[in-house]
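**Student:** Take a look at the following structure, please.
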Amino acid sequence: MTGLNTQSYTIQFNEPLALKSGAQLGSYSLEVQTYGQLNSLKTNAVLVCHALNASHHVAGKDPTTNQTGWWDNMIGPGKPLDTDHFFVIGVNNLGSCFGSTGPMSIDPATQKPYGSTFPLVTVEDWVDSQARVADHFGIQKFAAVMGGSLGGMQALSWGIQYPQRVAHCLIIASAANLSAQNIAFNEIARNAIMSDPDFYEGNYYAHEVTPRRGLRVARMIGHITYLSNDDMAEKFGRELKRIKGAPQDYQFSFDTEFEVESYLRYQGEKFADYFDANTYLLITRALDYFDPAKTMGGDLSKALEVIQSKSLVVSFTTDWRFAPERSREIVKALLDNKRSVTYAEIDAPHGHDAFLLDDARYHAIIRAYFSRMQKELT
Amino acid sequence: MSQTVIRADFSAIAKWIKPQSTLLDLGCGDGEFLEYIRAQKNVRTYGVEISDFSVLACVEKGLDVIQQDLEAGLALFENQSFDMVVLSQTLQTIHETESILKEIVRVGKECVISFPNFAHWSHRIDILLGRMPVSKSLPYDWYNTPNVRVLTIADFEALASQIGIKIIDRVVLHEGKELSWGVNLLGSLAIYRVQSA
């Protein structure tokens with residue numbers, strides 16, 4: 001076992017990026033973190049795509065913030081995605097708020113933060129920008145592109161947009177498009193943010209405030225959908241928030257009464273401290289818009305016909321935000337095209353969050369898949 | 001896997017499989033047959049398995065495998081989308097017997113079905129003596145068997161004609177050897193090649 005070999009980059013791109021919306025970004029920068037070593041043939045690179053609120057900091061402890069990477073249980077020396085063998089790249093997506101160009105960045109045209117004028121970016125735009133990161137490292141073809149949830153959508157889109165540049169797509173707890181219910185949850189979150197008086201139509205930076213109330217509600221609703229009913233029952237039940245040993249009597253007030261309220265308020269508060277509201281709007285919209293079958297008259301099999309890579313699709317039984325049947329749609333479309341696909345349905349109690357958790361069966365599958373891939377490389 | 005331990009039914013099934021064809025193995029276990037047939041015939045294969053342990057074993061072998069319960073049907077697979085669908089020693093573990101049989105001939109242009117023959121003479125003697133048979137082909141006790149159906153060669157053929165399944169070929173084995181007569185009495189494993197009638 002060697003070290004994680006974390007390297008951080010801010011990569012500046014000056015060639016304009018044409019966006020799906022028709023707009024373009026003249027120049028932009030992406031925050032990138034890499035782990036492990038790129039081999040001499042540059043065949044062992046794995047791109048890890050993040051979901052809504054994560055970043056390029058995928059594994060290990062950040063030397064400045066001391067925070068642990070969001071997929072540290074999955075990625076590192078000896079972990080399922082083993083950085084002793086694979087060169088792992090994390091990219092903070094365009095429009096996000098962890099250093100890459102986004103609504104908080106200064107628009108060179110106005111010398112003010114983009115705010116609400118930052119163009120809407122899509123999953124396809126992210127994939128295009130990630131391809132430029134691959135070019136930057138001289139990587140012709142990724143051994144794998146991997147992600148969960150919205151990250152899984154990027155992995156799937158990689159297979160569609162750059163079929164020659166990715167050998168394996170790992171699509172975890174994801175879907176080929178959002179359901180109406182899913183879009184509805186996003187809309188509630190956006191509505192909470194946009195109706196916060198501190199939102200100022202997205203230009204709250206100038207007023208030196210953040211729409212914290214909106215962000216808090218957005219995070220609360222999100223959190224509920226990431227957990228399963230059983231998981232919440234187990235974690236909180238109907239427990240009242242009381243100091244240890246105090247009687248569990250109602251206080252007949254709207255203060256924090258139940259443990260679950262305390263948890264949601266805490267999560268909301270924490271989120272409002274670090275996440276940018278415009279980014280939340282933008283990323284949830286990218287989720288809503290993703291629908292590769294749309295231009296094929298809704299025929300997903302047709303949309304996935306171009307895929308050349310092998311795929312691993314994973315879902316979790318209690319995930320109702322990205323339910324197993326949504327993963328099976330992807331599997332079916334790949335089977336219709338007789339593409340190489342493996343599907344694992346993990347019986348896990350933790351809802352959508354399960355893809356981030358350390359589940360032995362889940363990690364064993366990912367580990368086996370990568371060690372098989374490693375044999376193909378050598 | 002060494003040549004010597006190859007299950008006799010594998011080589012019998014392999015004879016019916018064309019090179020470069022597509023094959024779906026339902027209840028593929030740890031992928032032993034898939035690994036064998038891929039090496040023999042260079043076929044495009046997928047397995048279907050329910051058990052976590054077996055799915056993992058398939059991934060370790062680099063086999064494409066879909067985790068699902070066969071009782072739930074084959075909605076993931078289009079009509080006549082595989083050259084061959086294999087249901088090898090799995091039929092007796094399925095509750096929805098009729099529906100899975102109809103499903104496999106819907107999905108496969110041809111199908112292989114194999115099962116242990118309950119009517120083998122040794123089983124008949126066990127029953128005569130008042131005990132449930134435990135043998136090489138039925139190695140479990142009544143209280144721990146994964147089998148939920150017991151059937152005989154005659155039973156299967158009767159059901160097949162009832163539900164529109166055409167039998168193209170039949171091989172009956174005992175101790176790995178092919179039998180040519182008295183099969184429902186002497187055979188312990190029946191292997192059929194069938195298709196939709």
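**Student:** If the requirement is being farther than 22 Å from A:I330 by Cα and open to solvent by less than 10 Å² (accessible area, probe 1.4 Å), which of these qualifies: A:S174, A:S129?
**Tutor:** Result of the check over A:S174, A:S129: A:S129.
**Student:** Which pairs turn up if I take residues in region B:65-83 that are within 11 Å of chain A (Cβ to nearest Cβ) and more than 23 Å from B:A197 (Cα to Cα) and look for partners that are open to solvent by 10 Å² or more (accessible area, probe 1.4 Å) and not charged (D, E, K, R) with beta carbon separation below 6 Å, at least 6 apart in sequence or on another chain?
**Tutor:** Correct list of pairs: B:D69/B:I50.
**Student:** Oh, and also: Can you tell me which residues in region B:18-40 are surrounded by 17 or more Cβ atoms within 10 Å (Cβ to Cβ) and of a type in the set (K, R)?
**Tutor:** Across region B:18-40, the qualifying residue is only B:R38.
**Student:** Which residue is surrounded by the most Cβ atoms within 10 Å (Cβ to Cβ), if the candidates are limited to region A:184-219 and must be charged (D, E, K, R) and outside any helix (DSSP H, G or I)?
**Tutor:** For region A:184-219, the residue satisfying everything is A:D196.
**Student:** Next up: So which of A:R372, A:R321, A:R339 is within 20 Å of the chain's Cα centre (by Cα) and of a type outside the set (G, A, S)?
**Tutor:** Every option except A:R321 fails the conditions.
**Student:** Within the group B:K102, B:K166, B:K136, B:K109, which residue is assigned to a strand (DSSP E or B), open to solvent by 60 Å² or more (accessible area, probe 1.4 Å) and under 24 Å from B:G29 (Cβ atoms)?
**Tutor:** None of the others qualify; the one that does is B:K109.
**Student:** Among the residues of region A:31-45, is any surrounded by fewer than 14 Cβ atoms within 10 Å (Cβ to Cβ) and within 22 Å of the chain's Cα centre (by Cα)?
**Tutor:** Looking through region A:31-45, none of the residues is surrounded by fewer than 14 Cβ atoms within 10 Å (Cβ to Cβ) and within 22 Å of the chain's Cα centre (by Cα).
**Student:** Name the single residue that is nearest to A:P163 (Cα to Cα) among those in region A:304-332 being in contact (Cβ under 8 Å) with a residue 24 or more places away in the chain and within 10 Å of chain B (Cβ to nearest Cβ).
**Tutor:** Of everything passing the filter in region A:304-332, A:K310 is nearest to A:P163 (Cα to Cα).
**Student:** Looking at region A:258-271, can you tell me whether even one residue there is in contact with a strand residue (DSSP E or B) (Cβ under 7 Å, 6 or more places away or on another chain), crowded, with 16+ Cβ neighbours inside 10 Å and outside any helix (DSSP H, G or I)?
**Tutor:** no
**Student:** Out of the residues in region A:238-258 meeting the condition of being among the polar types (S, T, N, Q) and modelled with pLDDT of 90 or more, tell me which one is farthest from A:E269 (Cα to Cα).
**Tutor:** Among residues in region A:238-258 that are among the polar types (S, T, N, Q) and modelled with pLDDT of 90 or more, the one farthest from A:E269 (Cα to Cα) is A:Q251.
**Student:** How many of the residues making up region A:88-102 are open to solvent by less than 10 Å² (accessible area, probe 1.4 Å), touching a strand residue (DSSP E or B) at 6+ places or on another chain (Cβ under 7 Å) and not small (G, A, S)?
**Tutor:** 5
**Student:** Now for a different question. Just give me the residues in region A:354-365 being of a type outside the set (A, V, I, L, M), surrounded by fewer than 24 Cβ atoms within 10 Å (Cβ to Cβ) and more than 10 Å from chain B (Cβ to nearest Cβ), in sequence order.
**Tutor:** Across region A:354-365, the qualifying residues are A:D358, A:D359, A:H363.
**Student:** Here is a check on your reading of the model: is B:D126 among the charged types (D, E, K, R), more than 20 Å from B:I100 (Cα to Cα) and either open to solvent by less than 90 Å² (accessible area, probe 1.4 Å) or modelled with pLDDT of 95 or more (or both)?
**Tutor:** For B:D126, the condition - among the charged types (D, E, K, R), more than 20 Å from B:I100 (Cα to Cα) and either open to solvent by less than 90 Å² (accessible area, probe 1.4 Å) or modelled with pLDDT of 95 or more (or both) - is met.
**Student:** Which of the residues spanning region A:334-353 are at the interface with chain B (Cβ under 10 Å from one of its Cβ atoms) and open to solvent by less than 10 Å² (accessible area, probe 1.4 Å)?
**Tutor:** Across region A:334-353, the qualifying residues are A:L334, A:L335, A:V341, A:T342, A:Y343, A:A344, A:I346.
**Student:** Every residue in region B:3-17 that is open to solvent by 80 Å² or more (accessible area, probe 1.4 Å) and farther than 18 Å from B:I113 by Cβ, please.
**Tutor:** B:Q3, B:T4, B:V5
**Student:** List the number of the failed condition for A:I283; all other conditions in (1) touching a residue at least 24 places away in the same chain (Cβ under 8 Å); (2) buried (at least 22 other Cβ atoms within 10 Å of the Cβ); (3) within 14 Å of chain B (Cβ to nearest Cβ); (4) of a type in the set (V, I, T) hold.
**Tutor:** With (1) touching a residue at least 24 places away in the same chain (Cβ under 8 Å); (2) buried (at least 22 other Cβ atoms within 10 Å of the Cβ); (3) within 14 Å of chain B (Cβ to nearest Cβ); (4) of a type in the set (V, I, T) applied to A:I283, the lone miss is (3).
**Student:** So, one more: Restricting to region B:38-60, what's the tally of residues that are more than 8 Å from chain A (Cβ to nearest Cβ) and either touching an Asp or Glu at 6+ places or on another chain (Cβ under 6 Å) or among the polar types (S, T, N, Q) (or both)?
**Tutor:** The total comes to 8.
**Student:** I've got another one for you. Is it true that some residue in region A:231-241 is open to solvent by less than 20 Å² (accessible area, probe 1.4 Å), of a type outside the set (F, W, Y) and in contact (Cβ under 8 Å) with a residue 40 or more places away in the chain?
**Tutor:** yes
The values are calculated or read from the model by the stated rules, or taken from the named source; none is laboratory data. Note that the coordinates shown come from a computational prediction; the quantities given were computed from them, not determined experimentally. Cβ coordinates were reconstructed from backbone atoms using ideal geometry, including for glycine residues, and neighbour counts include every protein chain displayed. Ligands, DNA and RNA are stripped out before the accessible areas are found, and what is left, the full protein with its side chains, is counted by its heavy atoms. Shrake-Rupley method; radii C 1.70, N 1.55, O 1.52, S 1.80 Å.
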